[in-house]
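The structure appears right after this line, and notes come after that.
The values are calculated or read from the model by the stated rules, or taken from the named source; none is laboratory data. None of the values given here were measured: they were computed from a predicted structure. Quick reminder, even Gly has a Cβ in these numbers, built from the backbone with ideal geometry, and neighbours come from all protein chains shown.
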Amino acid sequence: MKKSKYQVLLYYKYVTIDIPEKVREEQRKLCQSLNLKGRIIVASEGINGTVEGLTHDTEKYIAAMEKSEYFKGIHFKKSAGTGDAFPKLSVKARKEVVTAHLLDLNPNEVTGAYITADQLHAWFESKKEFYIVDMRNDYEYISGHFEGFIPSGLHNFFDLADVLPKIAHLKDKTIVTVCTGGIRCEKASGFLVTNGFKDVYQLQDGIQTYMEKYPNKHFKGKLYVFDNRLTLGFNTESPDHEVVGTCYYCGVASDTYVNCHYDLCHYHHISCANCLDSETGLAFCKPECKENYIKIQKPREEAKKQNRSRASFTS
Ligand SMILES: [Zn+2]
Ligand SMILES: [Zn+2]
């Protein structure tokens, strides 16, 4: 892969933080001093972040984190940035680092056993009996997923309990939970353990780490990411790379995510270029959304534009 000027870091750590608001301010200052943009959530249970900056600045960030009592030992997942993966820096203190509504579940006390990318790869190659349960949201695994995976069926991670009936038949089987970078699995796997599942593993450091080590192997397609890049692939120029996503409308292979352009809908889905609306070039997930857009949203947008040009004319 070409060395990129920009780098995106994805990381988390479950660690007890006494005053999250204080750490929030320190994080904000640190990121501002290094011109990093992205999203960081600090809670009394830990930290969850994804930031982008010039590669040498992100490396300085890692070095600063390594000096922190709370944050040393974090495994930072790195990928090529674009320079505008994030519009701004947002650092927040919240109750949970990932909204799961599972405040009493402490991954430092109960969680699934860790399986590394290497071990998981060996399990695939040896055809061992195990079941991948993908803990990501439904729209995420459309563009890429492990072979034979069981979809969580979730649209929001905090509906985690809805997974239980879907996998009840696997209570005595070997399960491996997977997610983007590993943070959701810390709680999801612990949740399965507390609900009586006997042999629960979690993919350590997530799908991104597996893909980077074993591009185009047992994880097919691209990894959905929560920034402007939308998806991430390693060695995608290789003939072994497969596009596994399909257009929501016509079913052809595509992994281009769009939002329905109607503001009150914003349905997130994959569309090939041919299936964008021919008149406007925009995505509308259903005819009503286009109708509403034309009737309500478009006149408002045009009025705003006119006001703006008038204002600039008079100033
Ligand atoms: Zn299409
Ligand atoms: Zn829509």
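For region 242-258, does any single residue satisfy the condition of being in a strand (DSSP E or B), closer than 22 Å to Phe157 by Cα and within 16 Å of ligand 2 (Cβ to nearest atom)?
Restricting attention to region 242-258, the residues satisfying the condition of being in a strand (DSSP E or B) are 246, 253, 257-258.
Of the ones still in play, those that are also closer than 22 Å to Phe157 by Cα are 257-258.
Filter once more, so that each one left must be within 16 Å of ligand 2 (Cβ to nearest atom): 257-258.
Checked against the condition, which is being in a strand (DSSP E or B), closer than 22 Å to Phe157 by Cα and within 16 Å of ligand 2 (Cβ to nearest atom), region 242-258 yields at least one hit.
Can you tell me which residues in region 29-39 are under 16 Å from Ser68 (Cα atoms) and crowded, with 17+ Cβ neighbours inside 10 Å? It would help to see each step written out before you state the result.
In the first step, residues of region 29-39 are kept if they are under 16 Å from Ser68 (Cα atoms); the result is 29-31.
The answer is Leu30, Cys31.
Hey, can you tell me all the residues within region 40-86 that are under 16 Å from Arg229 (Cα atoms), part of a strand (DSSP E or B), touching a residue at least 60 places away in the same chain (Cβ under 8 Å) and not small (Gly, Ala, Ser)?
If the condition is that a residue be under 16 Å from Arg229 (Cα atoms), part of a strand (DSSP E or B), touching a residue at least 60 places away in the same chain (Cβ under 8 Å) and not small (Gly, Ala, Ser), then Thr50, Glu52, Lys77, Lys78 are the ones that fit.
Each row is one residue, and each column tells you yes or no for (1) in the same structural domain as Leu154 (by TED's automatic domain parsing); (2) in a strand (DSSP E or B); (3) within 30 Å of Lys298 (Cα to Cα).
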| residue | (1), (2), (3) |
| --- | --- |
| Thr177 | yes, yes, no |
| Glu186 | yes, no, no |
| Phe191 | yes, no, no |
| Tyr201 | yes, yes, no |
| Asn216 | yes, no, no |
| Ser238 | no, no, no |
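If you go through region 272-292, how many residues are under 30 Å from Val244 (Cβ atoms) and either assigned to a loop (DSSP other than H, G, I, E, B) or more than 29 Å from the chain's Cα centre (by Cα) (or both)? Please lay out each step first, then the result.
First pass over region 272-292, keeping only residues under 30 Å from Val244 (Cβ atoms): 272-278, 280-290.
After this cut, where a residue has to be either assigned to a loop (DSSP other than H, G, I, E, B) or more than 29 Å from the chain's Cα centre (by Cα) (or both) as well, the list is 272, 276-278, 280-288.
Result for region 272-292: 13.
Look through region 259-276, keep the residues that are within 11 Å of ligand 2 (Cβ to nearest atom) and over 19 Å from Asn137 (Cα atoms), and return whichever of them is surrounded by the most Cβ atoms within 10 Å (Cβ to Cβ). Don't jump to the end; show me each part of the working.
Restricting attention to region 259-276, the residues satisfying the condition of being within 11 Å of ligand 2 (Cβ to nearest atom) are 259-269.
Keeping just the survivors that are over 19 Å from Asn137 (Cα atoms) gives 261-264.
Working: His261: 21, Tyr262: 23, Asp263: 14, Leu264: 10.
By that ranking, first place goes to Tyr262.
Residue pairs, Cβ under 7 Å, 6 or more apart or interchain, first in region 261-281 and on the phi > 0 side of the Ramachandran plot, second among the hydrophobic types (A, V, I, L, M, F, W, C) and within 16 Å of ligand 1 (Cβ to nearest atom). List them.
Once the first residue is on the phi > 0 side of the Ramachandran plot and sits in region 261-281, its partners that are among the hydrophobic types (A, V, I, L, M, F, W, C) and within 16 Å of ligand 1 (Cβ to nearest atom) give His266/Cys260.
Does Pro239 meet the test of being surrounded by fewer than 16 Cβ atoms within 10 Å (Cβ to Cβ), within 16 Å of ligand 2 (Cβ to nearest atom) and without any contact (Cβ under 8 Å) to a residue 40 or more places away in the chain? Steps first, please.
Details: surrounded by fewer than 16 Cβ atoms within 10 Å (Cβ to Cβ): yes; within 16 Å of ligand 2 (Cβ to nearest atom): no; without any contact (Cβ under 8 Å) to a residue 40 or more places away in the chain: yes.
Considered against the rule, which asks whether it is surrounded by fewer than 16 Cβ atoms within 10 Å (Cβ to Cβ), within 16 Å of ligand 2 (Cβ to nearest atom) and without any contact (Cβ under 8 Å) to a residue 40 or more places away in the chain, Pro239 comes out as no.
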